[in-house]
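I have placed the structure first, in the form of structure tokens, so that the comments after it can refer back to it.
The values are calculated or read from the model by the stated rules, or taken from the named source; none is laboratory data. Bear in mind that the values here come from a model prediction, so they are computed numbers and not experimental data. Neighbour counts are summed over all protein chains in view; Cβ atoms, including those assigned to glycine, are modelled from backbone coordinates with ideal geometry. Keep in mind that these areas ignore ligands, DNA and RNA; they rest on the heavy atoms of the full protein, side chains included. Shrake-Rupley method; radii C 1.70, N 1.55, O 1.52, S 1.80 Å.
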Amino acid sequence: MKRVRVTPEQIDHYNKPGPRYTSYPTVPIWSHDFGEADYREALTSVAASPDDTLSLYVHLPFCAERCAYCGCNATVTRHEHVIDTYLDHVERELEIVAPLLGQRRRVVQMHWGGGTPNFINEAQSRRLMAMLDAAFDIDRDEELSLEMDPRIGTREQAIFYRELGFNRVSLGVQDIDSRVQVAIGRIQPFENTAALFNACREVGFSSVNIDLVYGLPYQSGEVFGDTLEAVINLRPDRIACFSYAHLPNSRSNQKHVDATGLPTPYAKFGLFQQSVETFTDAGYDWIGLDHFALSSDEMSQAVRERRLRRNFMGYTLLPASHMVSLGVSSIGDLGGCFIQNDVGLGRYQKSLAAGKLPVVRGMRLTPDDHNRRAAIMHLMCNLELPKHMMKDEGMLDSYERVAAHAIDGLVGVEAERLFVTDLGRYFIRNLCMELDAHLSQTAGRPIFSKTV
Ligand code: SF4
């Protein structure tokens, strides 16, 4: 990909708070009036389409300790019985959700996220998989993935998860530099990461992936360059390079991050641009906002054929019709609705103990939401905006607003479509914001991170 020069003025201009568009409409728009009855209705509506396939997400929030930089819904525990109790409640949730979906459903994509999924023990993992297998027809030939923390991951675990049926794994790395690791409260010798990575390869995971974070304290170009080089030497199939959002007022654990070493917005942008250039030079394609895949990977192929999709689990080639999510804070997408479970572990369990689904907010999408969602997802994934996706005058107005960014070089204009330029890729969230009919309702709220 062509090297792009981005000026500090351009960064200042586009560096405003905005959604990452893992969904549209975005979570802050969803209503707290959307409750259990709405969720049950959505589940029941799916029962009318028995051939629809499912994605399945399970949130396992437990960790051995809290990393200072963490932005996930995570709970620290040393007690196995706490996890057993949680699984009791996930089982209750499953017992309500699965029957409402009608007949036994085929699952074509499953992900265990966290927290630290490999923190729960083998018996607990077996129990969880057995309950999911009892409720759904989980296709072992499709994508079954989980996140593993290399600090506690072992070769034996890798063998165990393969036996359970997982075929994809993501290892959290963030940065290999010891000073950065001290600043973010996550000490992780690279030898552990490399050993687990190689073990995952050897035991037959078909896709072994790595997660990085840029914008951390003390990450200079030189420091991050070492991390990028070490990761490339491992040759993961896919790499996610997430932006660190420092929000200590809403994430109290981040008060323990050594913020004195945080990069300026311009330096942070430079770190991301460095990762784009380093990975593309090394044979990876830049996917969507912040992912990279080997050019031979099927995800790269999907981008070339303009059929990449995105859901709450990330980029995907397997667009299941619905996404069922289980566990505290998890987010579902089914029957034309978004649904979020309670983010408080105690409240999540209390609702289920009372026989209630722990939904705390959600949204039923309007036809306009569906149309704009399709356009935003297509723009984010496939880097173009076909005019035929604009279904009415309002959307055509939005299309023209995106087209106006041709002046600053973010898009190119053709007769029947707009395409995102190499420069525009860095500011693609700003382009999506032009298509967002709800954005004014979230203006000024501190829930979104800035572009840089
Ligand atoms: S970063 Fe990962 S391991 Fe650390 S506290 Fe958060 S979820 Fe747990």
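Let me know the whole percent of all Cα-Cα pairs from the range 156-273 that are separated by more than 21 Å. Roughly 42 percent, once rounded to a whole number.
The listed residues Asp422, Asp342, Asp397, once ranked by accessible area (1.4 Å probe) with the largest placed first, stand as Asp397, Asp422, Asp342.
All other residues whose Cβ lies under 14 angstrom from that of Thr227 are scored, Lys and Arg at +1 and Asp and Glu at -1, for a net of -4. Counting charges near Cys72 (Lys, Arg +1; Asp, Glu -1) among other residues having Cβ under 12 Å from its Cβ returns a value of -1. Here the Karplus relation 6.51 cos²θ - 1.76 cosθ + 1.60, evaluated at θ = phi - 60°, turns the backbone of the range 269-282 into coupling constants of 4, x, 5, 5, 4, 4, 5, 4, 5, 5, 5, 5, 5, 8 Hz, with x for every Gly and Pro. As a fraction of the 1.4 Å probe accessible area of the chain, surface on carbon and sulfur atoms comes out at 50 percent.
What the range 24-333 shows is 38 Å² of accessible area per residue, with the surface traced by a 1.4 Å probe over protein heavy atoms. The GluC sites (Glu not before Pro) of the range 268-305 that DSSP puts in a loop, and whose beta carbon has at most 13 other beta carbons within 10 Å, are Glu305. Assuming 1.002 mPa s and 20 °C, estimate D for the range 24-333 with Stokes-Einstein, Rh taken as the Kirkwood radius over Cα pairs, in µm²/s. In µm²/s, the coefficient is 105. Protein-only accessible surface at a 1.4 angstrom probe places the residues Lys268, Lys391 in the order Lys391, Lys268, largest first.
For the pair the range 25-86 and the range 281-346, the centres of their Cα atoms are 15 angstrom apart. Backbone geometry of the range 57-71 corresponds, through the Karplus equation with coefficients 6.51, -1.76 and 1.60 at θ = phi - 60°, to 3J(HN,Hα) couplings of 10, 10, 9, 10, x, 8, 9, 6, 8, 9, 6, 5, 7, 4, x Hz, x marking Gly and Pro. Listed values for the range 286-296 are Karplus-derived 3J(HN,Hα) couplings in whole Hz (6.51 cos²θ - 1.76 cosθ + 1.60, θ = phi - 60°), namely 7, 10, x, 6, 8, 10, 9, 9, 3, 4, 7, and x replaces Gly and Pro. Amide H contacts of Arg417: Lys387, each under 5 Å away and 5 or more positions distant or on a separate chain (H built 1.01 Å from N in the peptide plane; Pro and chain starts excluded).
Around the amide H of Val76, modelled in the peptide plane, lie the amide H atoms of Cys63, all under 5 Å away and 5 or more residues distant in sequence or on another chain. Amide H contacts for Val360 (H built 1.01 Å from N in the peptide plane; partners 5 or more residues away or on another chain; cut-off under 5 Å): Gln340, Asn341, Asp342. Here is the list for the range 353-440: GluC sites (Glu not before Pro) lying in DSSP coil, each with at most 14 other C-beta atoms within 10 angstrom of its C-beta, are Glu414, Glu416.
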